[in-house]
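Q: Can you read through this structure? Questions will come right after.
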Amino acid sequence: MKLYHYVHCPFCVRVRMGLGFLAVAYESKVTPYDDEATPLRLTGKKMLPIMEYNDGQAQNESLDILKRQDVNDLLGWKHLAEHESSLNTLLDKTGSLVHSLAMPYWIWTPEFNDSSRKYFQTKKEVKRGPFKDLVKNQKSFVDKLDLILFNEVLSELKPFYKSDKVTIMDLMIAAHIWGMYVVPEYQFAPHIHAYLMRVKAETHFNYHEDFWK
Ligand SMILES: N[C@@H](CCC(=O)N[C@@H](CS)C(=O)NCC(=O)O)C(=O)O
């Protein structure tokens, strides 16, 4: 099977983490952000991640892709069902801050070329305003993010999120905040960094692996 993904995309990262945790082999297809034809051909929507199966079928939606592979429920889906609405609120809040902070840096990683960088920046600036203003407002985003991580993540680590074992919720949280590692002015609090390293170890995740094949 083939996973079409963007390296920076948190929904794609959670799938890569989940497949790593489940030890499921797949072919990685890093897709240029301005490639509209590939996702439209596969699912009719310009949205990744997409898993294309050997029978030619293709599937959207990160959690559905993972559920299909997790036949033995190793990712503790019942924990997600129990906390889904509060977790989604947490992810929306952190995701918005991480995007505002990391987007101006993501576009300078090897995932992008001149054309996809321009496409991404133009599209994202419509929603979030000029990237140069996002960079100027960095401190206020960082303060908000740290407060959320301290009050709503750190306090729930047992040592995984609301659990003594890794669950799908950890993959969702880790994937959403992982992008902060590319922001040079930012440093995770030591316990959050240690948590992310625990998730990395459990999922054999390597953010940049596609760039070094
Ligand atoms: N609910 C979807 C969300 C996926 C999603 O939002 N993907 C974004 C990238 S982070 C996307 O493909 N955006 C395409 C675009 O904005 O052009 C999932 O969980 O897979």
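Q: Have a look at 65, 107 and point out the one that is closer than 28 Å to residue 30 by Cα, among the β-branched types (Val, Ile, Thr) and in the same structural domain as residue 31 (by TED's automatic domain parsing).
A: Going through 65, 107 in turn, just one is closer than 28 Å to residue 30 by Cα, among the β-branched types (Val, Ile, Thr) and in the same structural domain as residue 31 (by TED's automatic domain parsing): 65.
Q: Being small (Gly, Ala, Ser) and surrounded by 16 or more Cβ atoms within 10 Å (Cβ to Cβ), is that true of even one residue in the range 75-94? Outline the logic, then answer.
A: Here is the first cut: in the range 75-94, the ones small (Gly, Ala, Ser) are 76, 81, 85-86.
Okay, now just the ones that are also surrounded by 16 or more Cβ atoms within 10 Å (Cβ to Cβ), so 76.
Yes: one or more hits.
Q: Would you be able to tell me the number of residues in the range 168-205 that are under 16 Å from the mean Cα position of the chain (by Cα), of a type in the set (A, V, I, L, M, F, W, C) and part of a loop (DSSP other than H, G, I, E, B)?
A: The number of residues fulfilling the criteria is 2.
Q: Could you tell me whether residue 98 is outside any loop (DSSP other than H, G, I, E, B), within 13 Å of the ligand (Cβ to nearest atom) and closer than 26 Å to residue 157 by Cα?
A: The answer is yes for residue 98.
Q: Considering (1) surrounded by 12 or more Cβ atoms within 10 Å (Cβ to Cβ); (2) within 14 Å of residue 6 (Cβ to Cβ); (3) within 18 Å of the chain's Cα centre (by Cα), say which one residue 110 fails and leave the rest.
A: Unmet condition: (1).
The values are calculated or read from the model by the stated rules, or taken from the named source; none is laboratory data. A quick note: this is a predicted structure, and the numbers were derived from the prediction, not measured. In this analysis, Cβ positions are derived from the backbone assuming ideal geometry, glycine residues included, and neighbour counts consider all displayed protein chains.
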